[in-house]
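For reference, the structure is listed below as structure tokens.
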Amino acid sequence: MGKSTGKVIASVAGLFFGAFNPTAFGYEAGVNWAAGVMGASLFGTIWAATHQGKIPSVDTRSNFDVLQNTANADARIPVIYGTRKWGGFETWHSTSKDKKTLTKDVVLCEGPIDSANSVKANNISIGSLSGCSYVFHNGSPTQDPPDNYDTVGGYKNCAWIRAQLESSDQLQGANPTMTCVIKGLLVNDTRANTTAYSENPAMCLRDYLLNKRYGLGRWLTSDMIDEDSFKECADYCDEVIAYYVPNTLSSYDAVQNKITALQQELDANPGYSQETRDNIQDSIDSLKKSLLTISTQPVSQELVTSPRYTLNIILADKQSHIDDIQQILAAFGGFLVFNGDKISLRMEKDTSVSYAFTDDTICSTKEGRVDIKWETTSLADAPNQYIMKFYDLKNEYVGVKVQVNDFGNQRERGKVVTKEVTLDGITNQSQALRLGRM
């Protein structure tokens with residue numbers, strides 16, 4: 001069954017389940033289509049979560065991690081939470097008669113946002129380029145339209161930049177690319193009732209759920225949100241934790257890097273002869289076997305502190321709200337549940353036991369005892385190594401990969417089974433590693 005078909009079937013099943021079983025969603029008995037809608041949402045979410053495929057590549061990263069200003073009438077205006085480097089979409093381009101100066105408008109993202117910093121043209125700081133300047137607009141609903149409104153229209157609720165560029169030995173090319181580091185959306189933090197820049201995943205998710213322009217606010221209202229659950233998760237995300245960051249590679253990491261380099265060489269050169277490809281593959285297989293005998297050696301480490309979880313994400317793909325929500329939740333191990341008639345936020349974390357199930361409590365009915373049976377899922381192909389990709393703020397937000405290994409399982413099974421995961425909302429190594437271990 002195709003994923004799209006399966007998701008539709010699951011949602012339709014949920015619609016009828018909710019409509020004809022409204023008490024499951026906190027409604028009175030009888031056919032209730034409001035409960036049906038909630039059922040469709042829940043069943044569709046479950047299907048999406050358990051049948052998630054490869055997240056499509058987004059315009060936040062073009063080839064070789066080089067950002068460009070694209071012009072696309074069908075593009076989605078990005079939603080940016082936290083801080084990320086971004087290029088934006090060119091909406092106006094005008095050169096002088098002598099072709100020496102260029103004026104261009106670049107729409108960045110949904111607003112209002114905090115700021116745009118490190119503004120560059122062709123990766124050169126605007127401030128160091130003679131005759132070049134820019135004006136930033138943060139996307140406030142009250143911001144003035146551009147002075148050439150009759151020509152370009154308005155950029156309502158959009159953060160944007162107008163750049164004045166002058167050709168020089170430093171700045172050449174028909175259309176220089178503008179980039180900047182964006183501090184994203186201003187978010188309402190219900191714990192202090194303030195609206196400001198935030199990297200808190202729980203508060204950013206709440207903003208997305210309730211925003212009528214780019215989120216789910218046309219269908220959800222604040223009285224449908226379990227506010228206490230979002231505040232509790234927000235506090236947990238904000239807790240400052242200490243952790244060690246390795247400064248050097250272990251022997252295991254060094255060998256794994258050799259494997260990665262060889263695999264990349266193989267993928268990048270399809271024209272290699274079969275003999276050459278076989279030799280490279282033999283080297284990869286040999287190195288993988290050697291991983292099973294390498295003792296993990298301690299490496300020098302540095303103690304750092306930071307909030308437990310932050311969110312720094314660009315939602316730029318034209319995809320469903322459920323896909324957007326999944327990308328946000330993946331950054332902090334969160335998940336949404338229905339609690340009565342409220343949407344509650346939960347997280348993967350240690351909590352006290354709320355209810356202990358026993359054979360007596362789950363295996364008996366009014367008619368008598370019913371035995372319960374279960375089957376475990378085969379672990380034959382379960383990953384024991386995760387490759388976590390994140391976007392490193394220390395490296396110009398370029399995609400970086402780190403490894404999480406279950407060494408004991410690898411030796412017990414005599415093989416390394418690898419799975420790669422992309423975490424679009426994470427910009428620090430510690431958070432990527434902690435989620436990988438979880």
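The values are calculated or read from the model by the stated rules, or taken from the named source; none is laboratory data. Every value quoted in this text rests on a predicted model; they were computed, and no experiment measured them. Quick reminder, even Gly has a Cβ in these numbers, built from the backbone with ideal geometry, and neighbours come from all protein chains shown. When the accessible area is computed, the model is the full protein with side chains, heavy atoms only, and any ligands, DNA or RNA have been set aside. Shrake-Rupley method; radii C 1.70, N 1.55, O 1.52, S 1.80 Å.
Annotations for the structure displayed:
- Among the residues of the stretch 145-160, those identified as farther than 14 Å from Thr103 by Cα, in contact (Cβ under 8 Å) with a residue 40 or more places away in the chain and either over 33 Å from the mean Cα position of the chain (by Cα) or part of a loop (DSSP other than H, G, I, E, B) (or both) are Tyr155, Asn157.
- Residues within the stretch 410-419 that are under 10 Å from Leu292 (Cα atoms) and either of a type in the set (Asp, Glu) or open to solvent by less than 40 Å² (accessible area, probe 1.4 Å) (or both), tallied: 3
- Pairing each residue of the stretch 420-438 that is open to solvent by 30 Å² or more (accessible area, probe 1.4 Å) with any residue that is part of a loop (DSSP other than H, G, I, E, B) and among the acidic types (Asp, Glu), provided the two are 6+ apart or on different chains, yields C-beta distances under 7 Å for Met438/Glu348.
- Subset of the stretch 208-247 [part of a helix (DSSP H, G or I), more than 25 Å from Arg434 (Cα to Cα) and of a type in the set (D, E, K, R)]: Asp223, Glu227, Asp228
- In the stretch 141-160, residue least open to solvent (accessible area, probe 1.4 Å) [restricted to those that are charged (D, E, K, R) and more than 20 Å from Val79 (Cβ to Cβ)]: Asp144
- Residue match in the stretch 208-231 (condition: in contact with a Pro (Cβ under 8 Å, 6 or more places away or on another chain) and at pLDDT 85 or above): no
- Residue in the stretch 161-168 that is in contact with a Ser or Thr (Cβ under 6 Å, 6 or more places away or on another chain), part of a strand (DSSP E or B) and open to solvent by 40 Å² or more (accessible area, probe 1.4 Å) present: yes
- The number of residues in the stretch 261-289 that are assigned to a helix (DSSP H, G or I) and either surrounded by fewer than 14 Cβ atoms within 10 Å (Cβ to Cβ) or without any contact (Cβ under 8 Å) to a residue 24 or more places away in the chain (or both) comes to 20.
- Flag if Thr142 is among the polar types (S, T, N, Q), more than 23 Å from the chain's Cα centre (by Cα) and either at pLDDT 95 or above or outside any loop (DSSP other than H, G, I, E, B) (or both): no
- Wholly within the stretch 332-399, strands (runs of 3 or more DSSP E) carrying at least 3 residues that are in contact with a Lys or Arg (Cβ under 9 Å, 6 or more places away or on another chain) and modelled with pLDDT of 90 or more: 334-339, 385-392
- With respect to the conditions (1) among the β-branched types (Val, Ile, Thr); (2) under 30 Å from Gln410 (Cβ atoms); (3) touching a helix residue (DSSP H, G or I) at 6+ places or on another chain (Cβ under 6 Å), Val187 falls short on a single one, namely (2).
- All positions within the stretch 315-338 that are of a type in the set (A, V, I, L, M) and touching a Gly at 6+ places or on another chain (Cβ under 8 Å): Ile322, Ile328, Ala330, Ala331
- The set of residues from the stretch 386-402 being touching a residue at least 40 places away in the same chain (Cβ under 8 Å), open to solvent by less than 40 Å² (accessible area, probe 1.4 Å) and within 22 Å of Ser251 (Cβ to Cβ) comprises just one member, Met388.
- Residue count for the stretch 300-347, restricted to those that are crowded, with 18+ Cβ neighbours inside 10 Å, out of contact with any Pro (no Cβ under 8 Å at 6 or more places or on another chain) and hydroxyl-bearing (Ser, Thr, Tyr): 1
- Lone qualifier among Ser133, Ser118 - being open to solvent by 50 Å² or more (accessible area, probe 1.4 Å), hydroxyl-bearing (Ser, Thr, Tyr) and either more than 16 Å from Arg84 (Cβ to Cβ) or in contact with a His (Cβ under 9 Å, 6 or more places away or on another chain) (or both): Ser133
- Single unsatisfied condition, Asp169 versus (1) at pLDDT below 95; (2) within 23 Å of Gly139 (Cα to Cα): (2)
- Only one of the numbered conditions (1) among the β-branched types (Val, Ile, Thr); (2) under 30 Å from Asp228 (Cα atoms); (3) touching a residue at least 60 places away in the same chain (Cβ under 8 Å) is violated by Thr177, and that is (2).
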